[in-house]
1. For segment 1-125, give me the percentage of DSSP beta bridges that are antiparallel, rounded to the nearest 5 percent.
2. Give the accessible surface of segment 97-227 per residue, rounded to a whole number of Å², with probe radius 1.4 Å and ligands, DNA and RNA excluded.
3. Suppose every Lys and Arg Cβ carries +1 and every Asp and Glu Cβ carries -1, with no other charges. What dipole size does segment 178-320 come out with about its Cα centre, to the nearest 20 debye?
4. If I take the Cα coordinates of segment 228-320 and project them onto the principal axes, what are the three extents in Å, biggest first?
5. Which aspartates and glutamates have a Cα less than 13 Å from the Cα of LYS315, not counting those fewer than 8 places away in the same chain?
6. With only Lys, Arg, Asp and Glu charged, each at its Cβ (+1 for the first two, -1 for the last two), find how big the charge dipole of segment 162-203 is about the Cα centre; round to the nearest 20 debye.
7. Using DSSP to define loop residues, name the trypsin sites (Lys or Arg not before Pro) in segment 202-245 whose beta-carbon has at most 15 other beta-carbon atoms within 10 Å.
8. Taking all protein chains as present, what is the carbon and sulfur share of the accessible area of the chain, in % to the nearest whole number, probe 1.4 Å?
Amino acid sequence: MTLLYYDPIFLQHETGTHPERADRIGGALECFEAKNLLSRCTRPQFEPVSRSRLTLIHSPRYIDEVWAIAKSGGGDLDHDTICSPASYDVALTAVGAVCDAVERVVKGEDRRAFCLVRPPGHHALRERAMGFCIFNNIAVAAAVAVWELGLESVLIVDWDIHHGNGTQAAFWEDPRVGFLSIHRYPFYPGTGAADEIGEGAGRGYTKNIPVSYGISRREYFAALELALDEFAAFVKPQLVLLSAGFDTHRLDPIGNLGLETEDFGPLTALVLDVADTYAEGRFVSVLEGGYNRLVMPDCLAVHLEELVHRDEKDKRPTNS
């Protein structure tokens with residue numbers, strides 16, 4: 001069964017009226033229940049990430065800075081990233097969920113997982129918070145996969161509307177982790193040009209697909225499918241991770257690329273197909289952006305339904 005990671009602690013990262021606030025995921029489980037998804041998933045127990053794992057990506061100085069700000073009552077980590085009194089513990093739990101999912105999937109306990117976590121992570125850099133992100137959930141988990149669990153090749157796909165600059169930076173010179181991002185450009189954070197391809201041993205293992213505002217849904221899908229097929233054949237991943245942002249939805253208040261709720265089904269299927277082709281189905285999805293609280297539950301449900309359907313399809317008996 002699909003592994004579904006969620007904990008009420010994720011609602012305790014308090015940000016007031018900030019776009020990245022608890023109610024953007026608050027109705028998700030009720031929606032999943034109404035669509036008969038919860039009973040078709042496994043809800044694992046998991047722990048906050050250890051400091052040793054967190055330092056695979058983030059510096060001890062920065063980790064201590066976040067702890068100190070949270071324990072002193074909270075404050076701003078940068079001009080748009082809030083740290084509340086509970087945020088340090090919440091962020092550790094978010095990273096811990098993704099690491100646990102990767103560990104279970106790599107070890108064969110299940111093939112697919114969705115981590116419904118916050119705060120998001122793909123902008124977080126080694127030494128600082130950025131763009132609503134405190135710790136880089138997916139980057140830490142990818143580092144665990146290659147540096148602890150011994151995988152030789154991991155692919156991270158990022159379809160959030162914003163370029164995942166923190167994830168790109170973490171593996172800029174590492175050929176063990178391929179990074180593919182499709183994102184609106186030019187747009188925040190200003191990175192993600194097509195000529196950003198990595199350096200040193202990692203040259204060629206970063207692939208950016210900058211697309212313009214106003215792109216048609218058909219053109220968006222075609223651009224992602226072509227680049228994903230080519231890049232996956234190059235990387236040959238043993239594990240596929242997805243930074244799943246839903247802020248490409250046409251009703252998102254932060255930025256949109258005209259996608260509809262139903263588009264997240266075939267989008268998910270594209271990435272699952274790569275995992276099936278190269279990684280024996282091993283796939284972990286991690287929530288990033290998506291800020292329209294009215295459409296988010298349905299977007300998340302469409303995404304999770306595709307994972308559950310793929311798992312159930314795998315388990316159906318075949319005719320001899």
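The values are calculated or read from the model by the stated rules, or taken from the named source; none is laboratory data. Owing to the predicted nature of the structure, the values given are computational and were not obtained by experimental measurement. For neighbour counting, all protein chains shown are included, and Cβ atoms are generated from backbone atoms with ideal geometry for every residue, glycine included. Surface areas here come from the heavy atoms of the whole protein model, side chains and all, with no ligands, DNA or RNA. Shrake-Rupley method; radii C 1.70, N 1.55, O 1.52, S 1.80 Å.
1. So the antiparallel bridges in segment 1-125 amount to around 40 percent.
2. Ligands and nucleic acids excluded, the figure is 34 Å² per residue.
3. Dipole size: approximately 100 debye.
4. Rounded to whole Å, the extents work out to 49, 32, 18 Å.
5. ASP110
6. It works out to roughly 160 debye.
7. Qualifying residues, ordered by number: ARG203.
8. Of all accessible area on the chain, carbon and sulfur atoms account for 50 percent.
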